[in-house]
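Scroll down for the structure; my scribbles are underneath it.
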Amino acid sequence: TDLAHIRNFSIVAHIDHGKSTLADRLIQATNTVPDRDMKEQLLDAMDIERERGITIKANTVRIEYDALDGQSYVLNLIDTPGHVDFAYEVSRSMRAVEGSLLVVDSTQGVEAQTLANVYQAIDADHEIVPVFNKIDLPASDISRVAEQVEDVIGIDASGAIAVSAKTGEGIREVLEAIVHRLPAPTGDADAPLKAMLVDSWYDPYLGVVVLVRVMDGKMKKNDRVMFMQNGTVHQIDKIGVFRPKMQDVKELGPGEIGFITASIKQVRDTKVGDTITHEKKGCEKPLPGFNPSIPVVFCGLFPVDSAEFEDLRDAIEKLALNDASFSYEMETSAALGFGFRCGFLGLLHLEVVRDRLEREYDIELITTAPSVVYNIYMKDGTMQELHNPADMPDLTYVDHVEEPRIKATIMVPDEFLGDVLKLCQDRRGIQLDLTYAGSRAMVVYDLPLNEVVFDFYDRLKSVTKGYASFDYSIEGYRQDNLVKMQILVNDEPVDALSMMVHRDRAEMRGRAMCEKLKDLIPRHMFKIPIQAAIGGKVIARETLSALRKDVTAKCYGGDATRKKKLLEKQKAGKKKMRQFGKVEIPQEAFISALKMD
Ligand code: GTP
């Protein structure tokens, strides 16, 4: 296809504003998929995505559109992941296209992720077409949304298109706007091959499938191509486009988006943002700005049943093959036995991986408290990264500790603003900005990532009855007074409950943890002290009193079946308990103890 008849675009939106539904309508309106094959949310392939209603991996479709000017166009839609954890992937896929549809739910208005995503599009120099969705609903208010888009985002909303992705109203106008308002791609077909690796995933039949955007030159079957990041060479054995099913093509030229397979075994070998060129007569310089995504949140995953360790290892290895941004290494914990220390792009990523392990591989897991990566500066001048609070070196050798900070943007209706400010303040936040758009406030905070990873989303949702939206970006590291707090149960340190805390908050957190644990740990035949300590110093303490009677004592003599039942129940409960010295701690204690109220 010649460049003038290609348009590449993405759709940016806050979650649930109708991105996938709009994509479905565009596919349907252009007869890309026969009606009988049409199902809802065609592009959300994975089960978990479907269940949680979120798009995790970028997906792509090539649409052929006969425009009203009598010409045929090829439209390539890249469906970007909508969540902050995948910000790097979003920013890369944005660079593979020239324009964006900015979808805003006209019953809701601009939300935090609308902003974050549209700024990515603006950064990538996109032409942006605002699309106001859900106009079939009575609560739809186009002029209010237009005003917000202009005030909050600062882009012209006069050409916005009002649509209902549900009924199909306005879809033709969207297609025309894509053709006439978005720029055609540029590129040189005769130059050496330069293609961007936009995304990749594992397919059990084909091996790794690589989504590419060709910038210059051409690629075709049997070409030997080099991935410039690590210089590996592969021979293309399949090349094609998504409609959205795979369809082979002869070649891909400048401005085109498609896929290749090349007998690549691991997703790890294909780094998002990498440049692909020919082995011989390749391009000289790769595309600018390659930046691998790095895990920012770590936690331990241990099997509840230690006999399942090997199963867990297999499952994690399989998952990792298909998820380059997930990292893992073996970990042993005195308390939990063998498991893995795993790194994630963010909390959602963590949840998705944990869910998949439990669901697809049927392994019950103990998840230890998520922790961020601290930079520990030692007195001898060296620096080490701390991924696990249990590994914190002795304080006498430590000069200072730095923690990652984020810039958080929260949008919330007026009436909840007070609660949001309090929450951010409680989490050691520094307010950077506060503005209004209509009856919604937008507040920007500088917060420690550490205070956000555990239950910030949950708390935010509950204090605002679900009306707040939240987005963040990592800003850098800053020194603060951070220490490791240990928890001792019956005088034994429980390494899985160790955490890094701010010194000023240590007593409060320690007390809260001890109180929680006192409720979570069942009583034993003896008295159990529960303590929080920094270094050797105890800063909080609770005592769990001894159980006076045998559990079966209540069942007077004769009732043997009841007695048996009770003992069985106890045994079943035991399976989910972990033995710490003489004390058994139930599995849920590890997560619950760390939630702050
Ligand atoms: P993610 O993929 O999770 O980011 O969400 P999304 O932005 O793709 O939203 P999605 O298309 O899943 O739509 C969210 C909900 O809004 C779904 O229940 C849709 O059926 C509904 N919806 C989408 N467009 C319209 C519309 O025009 N009118 C009405 N009434 N509902 C719509």
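The values are calculated or read from the model by the stated rules, or taken from the named source; none is laboratory data. Predicted model, so just to flag it, every value in this text is computed and none were measured. Don't worry about glycine lacking a Cβ; one is built from the backbone with ideal geometry, like all the others, and counts go over all protein chains shown. These accessible areas exclude ligands, DNA and RNA; they are computed on the full protein's heavy atoms, side chains included. Shrake-Rupley method; radii C 1.70, N 1.55, O 1.52, S 1.80 Å.
Here are the numbers for the structure shown:
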item: Matching residues in region 101-125 - criterion: being in a helix (DSSP H, G or I) and touching a residue at least 40 places away in the same chain (Cβ under 8 Å); result: ALA112, GLN113, THR114, LEU115, ALA116, ASN117, VAL118, GLN120, ALA121
item: Residue in region 17-25 that is more than 12 Å from the ligand (Cβ to nearest atom) and either open to solvent by 50 Å² or more (accessible area, probe 1.4 Å) or at pLDDT 90 or above (or both) present; result: no
item: Region 481-497: number of residues that are assigned to a strand (DSSP E or B), open to solvent by less than 60 Å² (accessible area, probe 1.4 Å) and charged (D, E, K, R); result: 1
item: Tally, over region 331-390, of residues that are out of contact with any strand residue (DSSP E or B) (no Cβ under 9 Å at 6 or more places or on another chain) and open to solvent by less than 30 Å² (accessible area, probe 1.4 Å); result: 1
item: Filter pass, ILE54 being assigned to a loop (DSSP other than H, G, I, E, B), at pLDDT 70 or above, near the ligand (Cβ under 9 Å from one of its atoms) and among the aliphatic types (A, V, I, L, M); result: no
item: Residues located in region 389-430, provided they are among the acidic types (Asp, Glu) and in contact (Cβ under 8 Å) with a residue 40 or more places away in the chain; result: GLU402, GLU403, ASP419
item: Residue within region 355-376 that is part of a strand (DSSP E or B) and farther than 28 Å from ASP458 by Cα present; result: yes
item: Check on VAL214, more than 16 Å from the ligand (Cβ to nearest atom) and farther than 29 Å from ASP248 by Cβ; result: no
item: Matching entry among ASP311, ASP269, ASP305 (being open to solvent by 20 Å² or more (accessible area, probe 1.4 Å) and under 24 Å from the mean Cα position of the chain (by Cα)); result: ASP269
item: Within region 131-174, tally of residues that are within 16 Å of the ligand (Cβ to nearest atom), among the hydrophobic types (A, V, I, L, M, F, W, C) and in contact (Cβ under 8 Å) with a residue 40 or more places away in the chain; result: 7
item: Residue in region 177-199 that is of a type in the set (A, V, I, L, M, F, W, C), under 17 Å from GLY18 (Cβ atoms) and not in a loop (DSSP other than H, G, I, E, B) present; result: yes
item: Among (1) within 16 Å of the ligand (Cβ to nearest atom); (2) in a strand (DSSP E or B) - the single one ILE128 does not satisfy; result: (1)
item: Number of the exception - ARG213 against (1) open to solvent by 50 Å² or more (accessible area, probe 1.4 Å); (2) basic (Lys, Arg); (3) over 27 Å from GLY343 (Cα atoms); result: (1)
item: Number of positions in region 498-518 that are surrounded by 18 or more Cβ atoms within 10 Å (Cβ to Cβ), touching a strand residue (DSSP E or B) at 6+ places or on another chain (Cβ under 7 Å) and either basic (Lys, Arg) or in a helix (DSSP H, G or I) (or both); result: 6
item: Residue within region 417-435 that is at pLDDT below 90 and open to solvent by less than 10 Å² (accessible area, probe 1.4 Å) present; result: no
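Residue-by-condition table, conditions (1) without any contact (Cβ under 8 Å) to a residue 60 or more places away in the chain; (2) closer than 20 Å to ARG359 by Cβ:
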residue: THR270; (1), (2): no, no
residue: THR275; (1), (2): no, no
residue: ILE294; (1), (2): yes, no
residue: PRO303; (1), (2): no, yes
residue: GLU308; (1), (2): yes, yes
residue: ARG313; (1), (2): yes, yes
